[in-house]
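> For reference, the structure I am asking about is given below.
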Amino acid sequence: MAGESVFPLLESLLPLISKPIQYVGGELNSQVKDWDSAKVRWALMYPDAYEVGLPNQGVMILYEVLNEQPGVLAERTYSVWPDLAAKMRENGVPAFTVDGHRPVKDFDVLGISFSTELGYTNMLEHLDLAGIPIHAADRDDSHPLVIAGGHAAFNPEPIAAFIDAAVLGDGEQAVLEITEVLKQTKGQSRAERLHALAKAGGVYVPAFYDVDYLPDGRIQRVAPNRSDVPFRVHKRTTMDLDAWPYPKQPLVPLAETVHERMSVEIFRGCTRGCRFCQAGMITRPVRERSITGIGEMVEAGLKASGYEEVGLLSLSSADHSEIGDIAKGLADRYEGTQTSLSLPSTRVDAFNIDLAQELQRNGRRSGLTFAPEGGSERLRKVINKMVSKDDLVKTVTTAYGAGWRQVKLYFMCGLPTETDEDVLEIADMAREVIRVGRQVTGTRDVRCTVSIGGFVPKPHTPFQWASQLDAETTDHRLKLLRDAINSDKSTAKAIGFRYHDGKPGIVEGLLSRGDRRIGNVIEQVWRDGGIFDGWSEHFSYDRWMKAAEKQGIDVDWYTTRQREENEVLPWDHLDSGLDKEWLWADWQEALDEQELDDCRWIPCFDCGVCPQMGTEIQVGPTGVKLLPLSIV
Amino acid sequence: MSKRTPEGPPPPPTVQRVRIQYTKRGRLRFTSHRDIARAFERALRRAQVPMAYSAGFSPHPKISWVGAAPTGVASEAEYVEIGLAEHRDLDALARALDESLPDGIDIVEAVDAPVGTSLPDRIVASRWGIRLPGLEPSVVEAAVAAFLNAETIPVERLMKTGMRTLDARSAVVSMRAETGSCAILHLVVRHVTPAVRPDDVLSGLRTVADLVPPVPPEATRYAQGPLTETGEVGDPLAPDRSPTGAAGLTRQDADRDEAAIGTPI
Ligand code: B12
Ligand code: SF4
């Protein structure tokens, strides 16, 4: 019978595997709705282990938005570790949801949230475990529609053969509209339903678009193969965050996860315009949640969850127009309750220190993190991260003066136009940080950690045309940097060095700027046993390279090749709102080492999002303050 | 390097210590001890229990755990002691906490801990039940006999420090087989270091009698406490109950013990 729980079968396997609690469900605020009275049933997947997937806000939000609707049911499913997967295959237990333990293949829709491309092989593994054909073309009316969302869905071409559809951008309204179309087309064929979704707008169905290639391998054109679907598919934008205060009831797991806190998104979008940053580009414009809206969400969420830490989440939280009042208001409200606040602090200025001090008033003092991203001032102009070395040293001095002992600095290696010298300047910066730290604190007990990873050019950014640095050169630069840090004995011990080598970045680069021909490589890797590519103990560079070779794919062509202005990019028919001309102009300005201001505070610099999407920047200040709560 | 101390007043002192018996039933038997500890802390916050906190840069609520059933093993008798910064009525506390905890982690009883008494000192043995579906009663009975006849039964277990050998026999005070529709082993096991767990006893049964269950057995702890003269496990909270017997939540669940064994939820 459809929708029947497989828990009785699963239960006898659980004592035989590690961390069984992750498959049991029953999280606080989770729900199991009646199967038969639901007209549309969604399975929502985060394609990584439960411990990473459960805290994901996107899935949590959509789960709650859908379940609030009468006649709609949503359950969650996560990747299964190989130990259980083997036992499930042996015993004929299909992939299931953790809520009702219902077979994934019984649902109407399987919505998969991709915040990174490294989840692609996990999708194939899960489809296979579920008994759903991995190729969309092989599915029939009995199978769920497989719909991809999340940031990576802005270029779903590499997974075009495996998904039925993709949604670009915010999901709150999109999932409700999709649900409506599915209700109206109940009983129709798979093709008809997908057609209805594609016509409704904002849903990309890869099968309705053909790709032609030039003899040299570049794309000639991408065009719809039927008359009534749009040439370009637009992204979705949820404009009024106060109207969508989700998650209202955060899921609280029994199992341990990577993110043991409640999160409240304080705004979406970012217009700082860092040229490497896909998230900043594709989530424009900036939409702030109001200070009172934030206050209510924190209050309701803490009550419903019992968490003792609240993360104020966004792409650049210190940029909220009323962040000072928010931090102070919340710190006042929760004074003496052991509730701590945190925010990903990456802005390099003194204001950030005041803020961090406010936030740690009730809780523990964590380290401070800054992200200059580029090693030299020249390079920071190229990437449009406007921070001078003096700024950084000043900020760090203030931090050490205010009692911090630990500072973390984030960088990227392999940025366009980068040379060895640019990267070596990181060592100078770190040494300087230690020197001022010792001076200000009068002790040698200060530390600085340099964290550096390879830069991967991403679609819908000014760097989408850039050449990615090859793995060998990346590793060479990282080694130079490490040697430089170690060469100064007076500071070497105080500087931590953490890095990601260049190889995984190449695979990420292949997937993020890939086209439909990369699908065969993903499938080959999965067939060769590749899963959990985000985990170093599972990731195998060699497996990817061998699979690419077998499928006749030249990895360099996709990664280290610089693209020309007139080249048709695989995602050109997918509209993130940004004008391609503007992106190109910004790319040229980057090469000229010219910076650009944040359009939130200065007149618009014409990226195209606002007019095209009919949206606008929505920032405060509202001038309202948070009042103390009358806590009983 | 001087030791830094946090600014501000020290946290309020503990004014009431409460001993709590709770369960780990059904699916929740797959929680690890860390999972339970986390769930408890969050439930205490949701139930607005006025916890006392330790001093220092990262204050912790005062919670002392007494042993813990291993992951995968159900229990009707787990214990924890908490320290409160304000007095609370035991009944109300137990009810609020029970409501805030996930179903399966249920509060059985809460009593005040008299000053100067130690709960861990009273807990020296456990009574376990292990369901063995799919095994012939006669086979189980023979294995039990062989087990009891042995002097020592060395078994291996993977611990954090690597493979270790321990004796599964000497800690077992008693063992008998109940043979109904499904064979159930009843054991009383003394708490020793390293602990002898239901799994170790099953390894012992495999060693002495080749007993290999076809499906994973389900173990439940029914009681833990002092060992009586007759080799039974006593109630560790008995000395704490007021003479009227009115303390805390009454043991309404006590008669559910046997019925709860392996009941699917
Ligand atoms: C919290 C966080 C984490 C946490 C928790 C991750 C988690 N499981 O959620 C931790 C620390 C573990 C983490 C790890 C990583 N993260 Co992170 N993370 C974030 C952060 C700060 C918030 C994410 C979030 O909750 N956003 C809010 C939610 C609501 O947005 P959303 O998930 O995109 O969902 C919306 C839509 O996308 C859509 N949607 C989503 N899924 C679906 C599905 C369907 C079917 C539909 C229709 C719609 C839809 O609807 C949702 C509501 O509108 C973001 C930055 C940011 N503010 O977004 C970075 C971010 C997502 N992370 C990023 C990266 C790179 C990583 C790592 C790869 C880092 C690393 N090198 O290890 C890992 C990957 C881990 C993994 N395997 O997933 C990047 C993504 C890169 C990109 N696209 O350019 C981001 C954008 C940060 C950045 N500025 O670079 N991360
Ligand atoms: S500040 Fe820069 S890196 Fe951060 S989200 Fe905005 S654009 Fe991206």
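The values are calculated or read from the model by the stated rules, or taken from the named source; none is laboratory data. Source: prediction; values computed, not measured. Backbone-built Cβ (ideal geometry, glycine too); neighbour counts: all protein chains shown. Side chains are part of the model used for accessible areas, which takes the heavy atoms of the whole protein and leaves out ligands, DNA and RNA. Shrake-Rupley method; radii C 1.70, N 1.55, O 1.52, S 1.80 Å.
> Could you check, for segment A:355-370, whether at least one of its residues is open to solvent by 50 Å² or more (accessible area, probe 1.4 Å), within 14 Å of chain B (Cβ to nearest Cβ), touching a Ser or Thr at 6+ places or on another chain (Cβ under 8 Å) and away from ligand 1 (no atom under 16 Å from the Cβ)?
Looking for residues that are open to solvent by 50 Å² or more (accessible area, probe 1.4 Å), within 14 Å of chain B (Cβ to nearest Cβ), touching a Ser or Thr at 6+ places or on another chain (Cβ under 8 Å) and away from ligand 1 (no atom under 16 Å from the Cβ), one finds at least one in segment A:355-370, hence yes.
> Among the numbered criteria (1) open to solvent by 60 Å² or more (accessible area, probe 1.4 Å); (2) within 16 Å of ligand 2 (Cβ to nearest atom), which single criterion is violated by A:E377?
(2)
> I've got another one for you. Looking at A:L124 and the list (1) in contact (Cβ under 8 Å) with a residue 12 or more places away in the chain; (2) surrounded by fewer than 24 Cβ atoms within 10 Å (Cβ to Cβ); (3) out of contact with any Phe, Trp or Tyr (no Cβ under 7 Å at 6 or more places or on another chain), which single condition is not satisfied?
It is condition (3) that A:L124 fails.
> Looking only at segment B:15-39, which residues are touching a residue at least 60 places away in the same chain (Cβ under 8 Å) and more than 10 Å from chain A (Cβ to nearest Cβ)?
Selection gives B:V15, B:Q16, B:R17, B:V18, B:R19, B:I20, B:Q21, B:Y22, B:T23, B:K24, B:R25.
> A follow-up question, please. Counting only residues that are buried (at least 23 other Cβ atoms within 10 Å of the Cβ), give me the helices (runs of 4 or more DSSP H) lying completely in segment A:1-93 with at least 1 of them.
Counting at least 1 such residues, we get A:50-53, A:57-67.
> Still on this structure: Among the residues that make up segment A:411-432, is at least one of them of a type in the set (K, R) and either touching a Cys at 6+ places or on another chain (Cβ under 7 Å) or surrounded by fewer than 16 Cβ atoms within 10 Å (Cβ to Cβ) (or both)?
Narrowing segment A:411-432 to residues of a type in the set (K, R): A:431.
The next check asks that each one be either touching a Cys at 6+ places or on another chain (Cβ under 7 Å) or surrounded by fewer than 16 Cβ atoms within 10 Å (Cβ to Cβ) (or both); those that pass are none.
No, the conditions are met nowhere in segment A:411-432.
> Residues being on the phi < 0 side of the Ramachandran plot and either within 16 Å of ligand 1 (Cβ to nearest atom) or assigned by TED's automatic domain parsing to the domain that holds A:A356 (or both): count how many of those fall in segment A:377-386.
2
> While we're on this one: Kindly evaluate A:D483 against the criterion of being open to solvent by 50 Å² or more (accessible area, probe 1.4 Å), among the charged types (D, E, K, R) and either part of a helix (DSSP H, G or I) or away from ligand 2 (no atom under 16 Å from the Cβ) (or both).
Considered against the rule, which asks whether it is open to solvent by 50 Å² or more (accessible area, probe 1.4 Å), among the charged types (D, E, K, R) and either part of a helix (DSSP H, G or I) or away from ligand 2 (no atom under 16 Å from the Cβ) (or both), A:D483 comes out as yes.
> Looking only at segment B:180-214, how many residues end up being of a type in the set (S, T, N, Q) and under 19 Å from B:V233 (Cβ atoms)?
Within segment B:180-214, the subset of a type in the set (S, T, N, Q) is B:181, B:193, B:203, B:207.
Next cut, under 19 Å from B:V233 (Cβ atoms) only: B:193.
Number satisfying all stated conditions: 1.
> May I ask you to say which residue of A:V175, A:V146, A:V181 is part of a helix (DSSP H, G or I), closer than 21 Å to A:S115 by Cα and of a type in the set (V, I, T)?
Going through A:V175, A:V146, A:V181 in turn, the sole match is A:V175.
> Also: Among the residues of segment A:420-451, how many are among the aliphatic types (A, V, I, L, M) and either within 14 Å of chain B (Cβ to nearest Cβ) or not in a helix (DSSP H, G or I) (or both)? Please lay out each step first, then the result.
Going residue by residue through segment A:420-451, those that are among the aliphatic types (A, V, I, L, M) are A:423-424, A:426-427, A:429-430, A:433-434, A:436, A:440, A:446, A:450.
From the residues that got through so far, the ones that are either within 14 Å of chain B (Cβ to nearest Cβ) or not in a helix (DSSP H, G or I) (or both) too are A:446, A:450.
So the count comes out to 2.
> Determine, yes or no, whether A:E256 is at pLDDT 90 or above, over 18 Å from the mean Cα position of the chain (by Cα), surrounded by fewer than 22 Cβ atoms within 10 Å (Cβ to Cβ) and more than 16 Å from ligand 2 (Cβ to nearest atom).
The answer is yes for A:E256.
> I'd like to check something: does segment B:47-69 contain any residue that is within 8 Å of chain A (Cβ to nearest Cβ), over 27 Å from B:R241 (Cα atoms) and not polar (S, T, N, Q)?
yes
> Same structure again: Considering every residue within segment A:236-244, establish whether at least one is within 14 Å of chain B (Cβ to nearest Cβ), within 12 Å of ligand 1 (Cβ to nearest atom) and touching a residue at least 40 places away in the same chain (Cβ under 8 Å).
No, that holds for no residue.
> Would you mention how many residues in segment A:258-296 are more than 21 Å from A:S576 (Cα to Cα), hydroxyl-bearing (S, T, Y) and within 8 Å of ligand 1 (Cβ to nearest atom)?
Here the count works out to 1.
> Then there's this: Step by step: first the residues of segment B:180-195, then only those that are open to solvent by less than 60 Å² (accessible area, probe 1.4 Å) and over 27 Å from B:R122 (Cβ atoms), then the one that is modelled with the lowest pLDDT. Which residue is that?
Across segment B:180-195, the extreme among qualifying residues is B:G180.
> Which number in (1) within 14 Å of chain B (Cβ to nearest Cβ); (2) surrounded by fewer than 22 Cβ atoms within 10 Å (Cβ to Cβ) marks the one condition that A:Y334 misses?
The failed condition is (2).
> A further question on this structure: Can you name the residue in segment B:70-92 that is among the acidic types (D, E) and within 27 Å of B:R157 (Cα to Cα) and is also farthest from the other protein chains (Cβ to nearest Cβ) among such residues?
Filtering first and then ranking leaves B:E76.
> Of all residues in segment A:115-134, how many are closer than 29 Å to A:A279 by Cα and part of a loop (DSSP other than H, G, I, E, B)?
First, pick out the residues of segment A:115-134 that are closer than 29 Å to A:A279 by Cα: A:115-127, A:134.
With part of a loop (DSSP other than H, G, I, E, B) added as a condition, the list becomes A:115-116, A:134.
Within segment A:115-134, residues that are closer than 29 Å to A:A279 by Cα and part of a loop (DSSP other than H, G, I, E, B) number 3.
> Please go through segment A:238-273 and pick out each residue that is closer than 23 Å to A:T615 by Cα, touching a helix residue (DSSP H, G or I) at 6+ places or on another chain (Cβ under 6 Å) and not charged (D, E, K, R).
A:T238, A:W244, A:P245, A:Y246, A:V264, A:I266, A:C270, listed by residue number.
> Taking the residues in segment A:452-466 that are within 15 Å of ligand 2 (Cβ to nearest atom) and part of a helix (DSSP H, G or I) as candidates, determine which candidate is surrounded by the most Cβ atoms within 10 Å (Cβ to Cβ).
Selected residue: A:P462.
> So for segment A:161-172 (the condition being more than 25 Å from A:N67 (Cβ to Cβ) and at pLDDT 95 or above), does at least one residue qualify?
Yes.
> Checking A:D319 against (1) at negative phi; (2) among the acidic types (D, E); (3) within 15 Å of ligand 1 (Cβ to nearest atom); (4) in contact with a helix residue (DSSP H, G or I) (Cβ under 9 Å, 6 or more places away or on another chain), which test does it fail?
(4)
> Which residue is nearest to ligand 1 (Cβ to nearest atom), if the candidates are limited to segment A:493-527 and must be open to solvent by 50 Å² or more (accessible area, probe 1.4 Å) and outside any helix (DSSP H, G or I)?
Looking at residues that are open to solvent by 50 Å² or more (accessible area, probe 1.4 Å) and outside any helix (DSSP H, G or I), I get A:H500.
> Name the residue that is modelled with the highest pLDDT, counting only residues in segment A:330-347 that are within 16 Å of ligand 1 (Cβ to nearest atom) and among the hydrophobic types (A, V, I, L, M, F, W, C).
A:L341
> Further question on the same structure: So, restricting to helices (runs of 4 or more DSSP H) that lie completely within segment B:55-162, which ones have at least 2 residues that are at pLDDT 95 or above and polar (S, T, N, Q)?
In segment B:55-162, no matching helices (runs of 4 or more DSSP H) lie anywhere.
> Hey, another quick one. Return yes when A:V24 is within 24 Å of A:Q173 (Cβ to Cβ), in contact (Cβ under 8 Å) with a residue 60 or more places away in the chain and among the aliphatic types (A, V, I, L, M) and no when it is not.
Against the criterion (within 24 Å of A:Q173 (Cβ to Cβ), in contact (Cβ under 8 Å) with a residue 60 or more places away in the chain and among the aliphatic types (A, V, I, L, M)), A:V24 does not qualify.
> Name the residue that is farthest from A:V264 (Cα to Cα), counting only residues in segment A:285-305 that are in contact (Cβ under 8 Å) with a residue 60 or more places away in the chain and open to solvent by less than 10 Å² (accessible area, probe 1.4 Å). Walk me through how you get there before you give the answer.
Keep residues of segment A:285-305 that are in contact (Cβ under 8 Å) with a residue 60 or more places away in the chain, which gives A:285-288, A:290-292, A:295, A:299, A:304-305.
When the remaining residues are screened for being open to solvent by less than 10 Å² (accessible area, probe 1.4 Å), the result is A:285-287, A:291, A:295, A:305.
Values: A:P285: 19, A:V286: 16, A:R287: 14, A:I291: 12, A:G295: 10, A:S305: 13 Å.
Of everything passing the filter in segment A:285-305, A:P285 is farthest from A:V264 (Cα to Cα).
> How many residues are away from chain B (no Cβ under 14 Å) and outside any helix (DSSP H, G or I) when one looks only at segment A:291-323?
9
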